[in-house]
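**Student:** Just passing along the structure, written as structure tokens.
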């Protein structure tokens, strides 16, 4: 089977509706392309749970807070289609920016609360751009289930909140983060790292794991638990920490004492490259 | 045939999906209840164009800028269901506020541009509340077509903009304003007028018509055209003009000189009651 590639909204919608009318359940994997094994895990889950799997490939300009990051983002649709074919995807929707935004969108979807800390604090407008493009994609590609990686944990919380608040008829499925053998979470941005930066990038996951370990030992003090991770990052002068927080897993609000289901989430810079990661865990019962 | 009344989102969605699966096209008439002949015209159009007609009856708290207006809004679902039965509606969805907003919505849909002037200027947050509840209703009650009155002209422009920007799979149908014999546009709020206020309320339509007449005569100067209407309103000391504008019919931006398709739109106060109305017309070719 070859994956079909469509470029227009009309074609994409018509293919998905045909599948639905034929009685197929539909699964959507929204991506910005440059597909890797992390996306592969989302696609595999979608294939197991739905009959007709759609991957959208769209580098969404309105979610980038820095123009340079938008421009540097790798784009190779042909390679992505080959990846999708190898993974048994039925349809790839890869629109041009002008197809998605024929005029600048006057309509924006704002999700407050879950989007205010972590990346929301450091990337103004980012989650508004994410929520807006996902609202569009959910309408263009009506899916029974949509698949998101836990690596982008706050994005997952934002989309869950949006879907619940606006009653989107789609089930959001979270898929665990895929990591390299040394723990580094897969990300399109990893390929921008120099060999030296790549060598120390796994410190991020080690730091998050150290905090998770402290919480597993029963530590409830957020500052104390975080210090176990920050101490690791501090040993690497090439790493600049943007944020390092323990937040509620659903509401993404900093929590202290550490209670319930939490995410330990961080963003670091290695040179000009920004990496994010998080670990989900549960505090010990009091 | 009796109109079926449902109160929950799950029941409403399931009824509409059943109709769609049976091959019926679906039409949605979103209302705040207190149904009158204006709503009747929307329903009639929906019945002519679609197989299964749904009326939503929900006084949406988040679109009211004044608590007193929200509280005063007439609510009588039983009467509305009788009205719908008489008009051949298939389904009424009348949820409680707690069904629509189990928690305060963290997600809000902002439509800029078209929403900034006219009512948008005087009712902060109003169109955000309208857009947000319509996004919810479009998801809960998937419709091929949704029907809106031209009387709420800016609301119509906002919903058209939102549907286009976010690719909602629904066609928006505009239905001409229904008026009493003396020209007053039908509105639930008319019944709050005292007999004295009701007697002069038609001045609003007369004023808009006077401007429309000036434009038909070829007047391109917005201030001069508006003056023909404002002069009429100024004769009534009980009328307080909130705004009185000539705007582009699609973008709702004040236009001067008067060109293309325009809306002459006004809001006035009679005591504690606010009335809006508008006339759509086209400027003479230059």
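**Student:** Within segment B:106-116, can you find the residues that are at the interface with chain A (Cβ under 7 Å from one of its Cβ atoms), part of a loop (DSSP other than H, G, I, E, B) and surrounded by 23 or more Cβ atoms within 10 Å (Cβ to Cβ)?
**Tutor:** If the condition is that a residue be at the interface with chain A (Cβ under 7 Å from one of its Cβ atoms), part of a loop (DSSP other than H, G, I, E, B) and surrounded by 23 or more Cβ atoms within 10 Å (Cβ to Cβ), then B:114 is the only one that fits.
**Student:** OK, next. Taking the options B:224, B:242, name whichever one is surrounded by fewer than 21 Cβ atoms within 10 Å (Cβ to Cβ), closer than 30 Å to residue B:60 by Cα and more than 14 Å from every other protein chain (Cβ to nearest Cβ).
**Tutor:** B:242
**Student:** Hey, can you tell me all the residues within segment B:51-69 that are assigned to a helix (DSSP H, G or I) and at pLDDT 95 or above?
**Tutor:** B:61, B:62, B:63
**Student:** Separate question: Looking at A:81, A:92 in this structure, which one is buried (at least 20 other Cβ atoms within 10 Å of the Cβ), at pLDDT 95 or above and in a strand (DSSP E or B)?
**Tutor:** Criteria check complete, one pass: A:92.
**Student:** What number of residues within segment B:95-105 satisfy the criterion of being in a loop (DSSP other than H, G, I, E, B) and either in contact with a helix residue (DSSP H, G or I) (Cβ under 7 Å, 6 or more places away or on another chain) or within 14 Å of chain A (Cβ to nearest Cβ) (or both)? Explain how you work it out, then say what you get.
**Tutor:** As a first pass, look at segment B:95-105 and keep what is in a loop (DSSP other than H, G, I, E, B): B:95-96, B:101-105.
Filter once more, so that each one left must be either in contact with a helix residue (DSSP H, G or I) (Cβ under 7 Å, 6 or more places away or on another chain) or within 14 Å of chain A (Cβ to nearest Cβ) (or both): B:95, B:101-105.
Count: 6.
**Student:** Within segment A:151-166, count every residue that is surrounded by fewer than 20 Cβ atoms within 10 Å (Cβ to Cβ) and over 15 Å from the mean Cα position of the chain (by Cα).
**Tutor:** Residues meeting the conditions: 1.
**Student:** Quick one: would you say residue B:124 is within 25 Å of residue B:71 (Cβ to Cβ), outside the structural domain of residue B:9 (by TED's automatic domain parsing) and out of contact with any strand residue (DSSP E or B) (no Cβ under 7 Å at 6 or more places or on another chain)?
**Tutor:** Spelling it out, it is not the case that residue B:124 is within 25 Å of residue B:71 (Cβ to Cβ), outside the structural domain of residue B:9 (by TED's automatic domain parsing) and out of contact with any strand residue (DSSP E or B) (no Cβ under 7 Å at 6 or more places or on another chain).
**Student:** Of the residues A:149, A:88, A:153, only one is over 20 Å from residue A:186 (Cα atoms), touching a strand residue (DSSP E or B) at 6+ places or on another chain (Cβ under 8 Å) and away from chain B (no Cβ under 14 Å); which?
**Tutor:** Only one candidate qualifies: A:88.
**Student:** Hey, another quick one. Considering every residue within segment A:219-235, establish whether at least one is under 25 Å from residue A:69 (Cβ atoms), touching a helix residue (DSSP H, G or I) at 6+ places or on another chain (Cβ under 6 Å) and in contact (Cβ under 8 Å) with a residue 40 or more places away in the chain.
**Tutor:** no
**Student:** Tally up the residues in segment B:250-286 that are touching a helix residue (DSSP H, G or I) at 6+ places or on another chain (Cβ under 8 Å) and either under 23 Å from residue B:73 (Cβ atoms) or in a loop (DSSP other than H, G, I, E, B) (or both), please.
**Tutor:** 22
**Student:** A further question follows. Given the criterion at pLDDT 95 or above and in contact with a helix residue (DSSP H, G or I) (Cβ under 7 Å, 6 or more places away or on another chain), identify the matching residue among A:13, A:48.
**Tutor:** The conditions single out A:13.
**Student:** Could you list, in sequence order, the residues of segment B:169-203 that are touching a strand residue (DSSP E or B) at 6+ places or on another chain (Cβ under 9 Å), within 14 Å of chain A (Cβ to nearest Cβ) and in a loop (DSSP other than H, G, I, E, B)?
**Tutor:** B:170
**Student:** Separate question: Report, by residue number, each residue of segment B:19-44 that is touching a strand residue (DSSP E or B) at 6+ places or on another chain (Cβ under 9 Å) and within 20 Å of residue A:23 (Cβ to Cβ).
**Tutor:** Within segment B:19-44, B:19, B:20, B:22, B:24, B:25, B:26 meet the criteria.
**Student:** Looking at B:207, B:228, B:201 in this structure, which one is more than 23 Å from the chain's Cα centre (by Cα) and outside the structural domain of residue B:122 (by TED's automatic domain parsing)?
**Tutor:** B:228
**Student:** Which members of segment B:24-42 meet the condition of being touching a helix residue (DSSP H, G or I) at 6+ places or on another chain (Cβ under 7 Å), surrounded by 21 or more Cβ atoms within 10 Å (Cβ to Cβ) and outside any strand (DSSP E or B)?
**Tutor:** Selection gives B:33, B:35.
**Student:** I'd like the residue in segment A:117-130 that is in a loop (DSSP other than H, G, I, E, B) and either more than 14 Å from chain B (Cβ to nearest Cβ) or modelled with pLDDT under 95 (or both) and, out of all such residues, is surrounded by the most Cβ atoms within 10 Å (Cβ to Cβ).
**Tutor:** The extreme case among them is A:118.
**Student:** Name the single residue, out of those in segment B:1-23 being more than 14 Å from chain A (Cβ to nearest Cβ) and not in a helix (DSSP H, G or I), that is farthest from the chain's Cα centre (by Cα).
**Tutor:** Looking at the filtered set, the residue picked out is B:1.
The values are calculated or read from the model by the stated rules, or taken from the named source; none is laboratory data. Keep in mind that what you see is a predicted model, and the values were worked out from it rather than measured. All Cβ positions, glycine included, derive from the backbone under ideal geometry; neighbour counts span all protein chains shown.
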